Amino acid sequence: MNAIEVKEISKRFADVQALDNVSLTVRQGDFFGLLGPNGAGKTTLMRIMCGLLSPDGGELRILDSKLERWQIPFAMGVVPQDIALYDMLTAQGNLELFGKLRGITGHELDKRVDKVLAQIGLSDRKKSRVKGFSGGMKRRLNLGVALLSEPRVLLLDEPTVGIDPQSRASIFELLESLHQSGMSILYTTHYMEEAERLCRTIAILDHGKLLGVGSLDELVKLVKTPRFVRLILRSEDETAPQLPGVEQRRSGMRVDYVPVGEDGLSTILGKLADFRGAQRVEVVAPNLEMLFLELTGRELRDA
Amino acid sequence: MKNIWHLARKDFAIFMTDPVALGLTFIVPMVMIVVFGFVFGGQGKEALSELRVLVVNNDSGKGGARLIESLDKLSELNLLETVGKDTVKLDSTRAANLVKKGDYSVALIIPPNFTESIKDGELRANILEDPRDPVTAGLLLGLMQKTSFETFPMLMPSAMMSGMLDSSATMAFDKDLAAAIEKNFGVDLPDSGMNFKDMMSEDFLLGETSSNPDSGGFNMGAFFDKMNKIERTAIVGQKVVNPAVSHTTAGTAVTFMLFGVGAIAASLLREMRSGTAQRLLLMGATAGDILLSKLLYSVFMGTFQLFVMMVYGWLIFDLQIWDHLPAMLVMIIVTAATMSAVGLVISAFSATEEQAGGFQVVIILSMSAIGGAMFPSFMLPNAIKMVSKVTPVFWAMQGFNDIFWRDQGITGIMLECGICLAMTAVMTAIAIIIFKRRLATELG
């Protein structure tokens, strides 16, 4: 069974083609990452998937059913990019409001509110106004609202934007535990590290086009660049050592040495070992960042 | 100083990014100048608008028609013997009903014996008035007296002669009595030697009009009392304890309720900016649900606010709210709904809080001024009176005036309630359509 099935979906805003024949499938129980730079079309695709926008063309199936737009919000939990909470209400007040909109009432609502607060680690702040919460706490509550309806499919649109590493780790733990319990998760992000850590399946989206879909290993295998040595200089004024027969790329304090042959890596490491202007020397393995660079000619972070 | 300059430039740059708000900065005062200019009659040289007076001529002689003809020539008056598309002339009952309903402030009823009374030196007429508009009735009275003297030149001499004859008769009686005393009692009374000058007191001849009635001369007040038999009859509001308060309390409450409903726009814009509106949609609410929830909230708040204002009017000015409680509550709820719908329209059309503020000022102040919340509608020029009928404020104020002034119950305010509710439905529908489009744009 598929949790979400997107077939040849297109969407155009004025003269911008936001999505261009995008097709992907999120299998039941998968942790699916939608990776792309800002403006790639991730949020547009999310909004179509959760029923907020109509596509110009294509087909969408949720849990193997073709639903009407109004039915879609009831079939899944959605965590928007914005912290969409009422600051002047308490954590409990926010959860109760959104729970009632989903048709959950009475004792069942009380039970679910307590359960969600425990899941997101905010039981002790149940009666506190959201206004006084830290960014991380708000992000967790933002996620908690989507869990109230105990959805089988959860969509998260960049849920860790602007939070501290501790809160991010806490959200990751929660998502991993939800995934282990059988929930299908679609997670959009422009952070390669997040996709690599969390997602079983990753799709790379840029300028509304799907560039590749697969597991992390499958995608990394597509990277043409072999492993290389990265030298981080102490300062931008430092002159990097010139190594004959080695392709060399410099960007600020970062210098990448790409070996020509298989044994070139150890040779480069040996030659850089005594260089005093080095802050750090590391071997970089093929990753999604490289794949994105090869596919688009741009770095993911700079795109 | 540089920092202040940079910060000020930043605010200017931000403001320039909102062309609608920028336009409203200039449009708002321009609109208000026009609105208040027209309200206070500044559209031309006329300071006052033409006063509309219903006229019923019951006189069988020529006098009544002549008086109407003379009054009709005055630029200050617009005499109406028929109303609307009617071809049949008004009768006294119909004219009285129109004044009672508040459609007109004054009706001039010329009695059947008007011509005869003029011959007797008496100006007889009945002015049926709505005392809420003392200006029209007062002006009509003054103009009638002036016109009567011009139209019926013998009216004053006739009245004066009548007064003089009364005095001469008294003096003749006095003379006959003196003669009888002399004859029967054999005494010789001194000759009074009265002539015309003796008949008038010195004060009267010198223009003093308040001479003592016992002085033997004319009393000007008594003279006018004899001549001026125009009766003013208030046919509505007789029971109102504090007439001015019913209008000012309702008017102020309605105006400030309109300012209150402006909060809907702020709240909606905040929700859209923060993403909570989108989340509400994700949780199964519709754009209509979001707007109607704002309407409901505003109706509750507005109802409470208006009720508190009315109770305050009762506490401070003895506004008779308890005598009219059921009708007043109905009108309060209907008014709260209608004004809330105005707030919804402002919300739906405003993309920023600056725009909402601008629209709010234009709509609220102009509607309050034109609709009769700031000034009673009888003070407005006729052209504005026509325009005012498309504003919900006008119908809300009419409703409150019907209750407090015309002593109407729930059935008496059905028309106003119906119009207000129809306006509410139309404005809400428009707001929902616009809001849906805006949400679609925002999500895109």
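Selection of the stretch A:14-54 for residues being open to solvent by 50 Å² or more (accessible area, probe 1.4 Å) and away from chain B (no Cβ under 12 Å) yields A:Asp15, A:Gln17, A:Asp20, A:Asn21, A:Ser23, A:Thr25, A:Arg27, A:Gln28, A:Asn38, A:Gly39. Do the conditions hold for A:Glu68, that is, is it buried (at least 18 other Cβ atoms within 10 Å of the Cβ) and more than 9 Å from chain B (Cβ to nearest Cβ)? Against the criterion (buried (at least 18 other Cβ atoms within 10 Å of the Cβ) and more than 9 Å from chain B (Cβ to nearest Cβ)), A:Glu68 does not qualify. When residues in the stretch B:31-67 are screened for being more than 23 Å from B:Val99 (Cβ to Cβ), at pLDDT 75 or above and either of a type in the set (D, E, K, R) or open to solvent by 80 Å² or more (accessible area, probe 1.4 Å) (or both), 3 of them pass. Taken together, B:Ala337, B:Ala348 contain a single residue that is open to solvent by less than 60 Å² (accessible area, probe 1.4 Å) and under 25 Å from B:Arg273 (Cβ atoms), which is B:Ala348.
Taking residues in the stretch B:270-295 that are more than 8 Å from chain A (Cβ to nearest Cβ), and partners anywhere that are among the basic types (Lys, Arg) and in a helix (DSSP H, G or I), the pairs with Cβ atoms closer than 6 Å and at least 6 places apart or on different chains are B:Ala287/B:Lys436. Scanning the stretch B:69-100 for residues that are crowded, with 18+ Cβ neighbours inside 10 Å, more than 19 Å from B:Ile235 (Cβ to Cβ) and more than 22 Å from the chain's Cα centre (by Cα) yields a single hit, B:Leu71. If you go through the stretch B:106-125 one residue at a time, how many are more than 15 Å from B:Ala65 (Cα to Cα) and touching a Leu at 6+ places or on another chain (Cβ under 8 Å)? Residues meeting the conditions: 3. Taking the stretch A:71-96 as the range and being over 19 Å from B:Glu271 (Cα atoms), surrounded by fewer than 16 Cβ atoms within 10 Å (Cβ to Cβ) and more than 10 Å from chain B (Cβ to nearest Cβ) as the test, no residue passes.
Tell me the residue from A:Asp64, A:Asp20, A:Asp15 that is over 24 Å from B:Ala440 (Cα atoms) and of a type outside the set (Lys, Arg), please. Quick ask: steps written out before the conclusion?
Details: A:Asp20 fails: over 24 Å from B:Ala440 (Cα atoms); A:Asp15 fails: over 24 Å from B:Ala440 (Cα atoms).
Result of the check over A:Asp64, A:Asp20, A:Asp15: A:Asp64.
Looking at the structure I just gave you, is B:Leu319 over 26 Å from B:Phe349 (Cβ atoms) and modelled with pLDDT under 90?
Numbers: over 26 Å from B:Phe349 (Cβ atoms): yes; modelled with pLDDT under 90: yes.
Judged against the criteria, B:Leu319 is a match.
Sort out which residues of the stretch A:97-113 are within 14 Å of chain B (Cβ to nearest Cβ) and in contact with a Gly (Cβ under 7 Å, 6 or more places away or on another chain), and write them in order of number. Outline the logic, then answer.
Within the stretch A:97-113, the subset within 14 Å of chain B (Cβ to nearest Cβ) is A:97-105, A:109, A:112.
Residues satisfying the conditions are A:Leu101, A:Arg102, A:Leu109, A:Arg112.
Only residues that are among the charged types (D, E, K, R) and open to solvent by less than 30 Å² (accessible area, probe 1.4 Å): list them for the stretch B:101-125, please. Residue satisfying the conditions is B:Glu122 alone.
Among what's in the stretch B:243-269 and is of a type in the set (Ser, Thr, Tyr) and more than 14 Å from every other protein chain (Cβ to nearest Cβ), pick the residue that is surrounded by the most Cβ atoms within 10 Å (Cβ to Cβ). Can you show your working first?
If we filter the stretch B:243-269 for residues that are of a type in the set (Ser, Thr, Tyr), which is where we start, we get B:246, B:248-249, B:252, B:255, B:267.
Cutting the leftovers down to more than 14 Å from every other protein chain (Cβ to nearest Cβ) gives us B:246, B:248-249, B:252, B:255.
Numbers: B:Ser246: 25, B:Thr248: 17, B:Thr249: 23, B:Thr252: 16, B:Thr255: 20.
Restricting to residues being of a type in the set (Ser, Thr, Tyr) and more than 14 Å from every other protein chain (Cβ to nearest Cβ), the top hit is B:Ser246.
What are the residue pairs meeting all of these: first residue in the stretch B:105-121, first residue assigned by TED's automatic domain parsing to the domain that holds B:Gly142, second residue in a loop (DSSP other than H, G, I, E, B) and charged (D, E, K, R), Cβ atoms under 7 Å, and 6 or more apart or on different chains? These pairs meet every condition: B:Ser105/B:Asp130; B:Ser105/B:Asp133; B:Ile110/B:Asp59; B:Pro111/B:Asp59; B:Pro112/B:Asp59; B:Phe114/B:Asp59; B:Thr115/B:Asp59; B:Thr115/B:Lys62.
Rundown of residues vs (1) at pLDDT below 85; (2) within 34 Å of the chain's Cα centre (by Cα); (3) of a type in the set (Gly, Ala, Ser), yes/no style:
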residue	(1), (2), (3)
A:Asp237	no, no, no
A:Gly245	yes, no, yes
A:Gly252	no, yes, yes
A:Tyr257	no, yes, no
A:Gly270	no, no, yes
A:Gly297	yes, yes, yes
A:Ala303	yes, yes, yes
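So which of A:Leu295, A:Leu205, A:Leu210 ends up being in the same structural domain as A:Thr44 (by TED's automatic domain parsing), open to solvent by 40 Å² or more (accessible area, probe 1.4 Å) and under 25 Å from A:Ile9 (Cα atoms)?
Numbers: A:Leu295 fails: in the same structural domain as A:Thr44 (by TED's automatic domain parsing); A:Leu205 fails: open to solvent by 40 Å² or more (accessible area, probe 1.4 Å).
That would be A:Leu210, the only listed residue that is in the same structural domain as A:Thr44 (by TED's automatic domain parsing), open to solvent by 40 Å² or more (accessible area, probe 1.4 Å) and under 25 Å from A:Ile9 (Cα atoms).
Given the condition in the same structural domain as A:Lys7 (by TED's automatic domain parsing), closer than 13 Å to A:Leu186 by Cβ and among the polar types (S, T, N, Q), answer yes or no: does some residue in the stretch A:61-84 qualify? No, every residue in the stretch A:61-84 fails to be in the same structural domain as A:Lys7 (by TED's automatic domain parsing), closer than 13 Å to A:Leu186 by Cβ and among the polar types (S, T, N, Q). Scanning the stretch B:91-128 for residues that are within 19 Å of B:Gly372 (Cα to Cα), of a type outside the set (Ser, Thr, Tyr) and not in a helix (DSSP H, G or I) returns B:Gly102, B:Asp103, B:Val106.
Scanning the stretch B:373-420 for residues that are touching a residue at least 60 places away in the same chain (Cβ under 8 Å) and more than 17 Å from the chain's Cα centre (by Cα) turns up B:Gln408, B:Gly409, B:Ile410, B:Gly412, B:Ile413, B:Cys417, B:Cys420.
Considering (1) more than 14 Å from every other protein chain (Cβ to nearest Cβ); (2) under 20 Å from the mean Cα position of the chain (by Cα); (3) open to solvent by less than 50 Å² (accessible area, probe 1.4 Å); (4) not hydrophobic (A, V, I, L, M, F, W, C), the lone condition that A:Gly57 does not fulfil carries the number (2). Scanning the stretch A:212-233 for residues that are within 17 Å of A:Leu269 (Cα to Cα) and either small (Gly, Ala, Ser) or free of Cβ contacts under 8 Å to residues at least 60 places away in the same chain (or both) returns A:Arg227, A:Phe228, A:Val229, A:Arg230, A:Leu231, A:Ile232, A:Leu233.
The values are calculated or read from the model by the stated rules, or taken from the named source; none is laboratory data. Treat the numbers as computed from the prediction; the structure is a model and nothing was measured. Glycine gets a Cβ as well: all are built from the backbone with ideal geometry, and neighbour counts include every protein chain shown. These area figures cover heavy atoms from the full protein model, side chains too; ligands, DNA and RNA do not enter into them. Shrake-Rupley method; radii C 1.70, N 1.55, O 1.52, S 1.80 Å.
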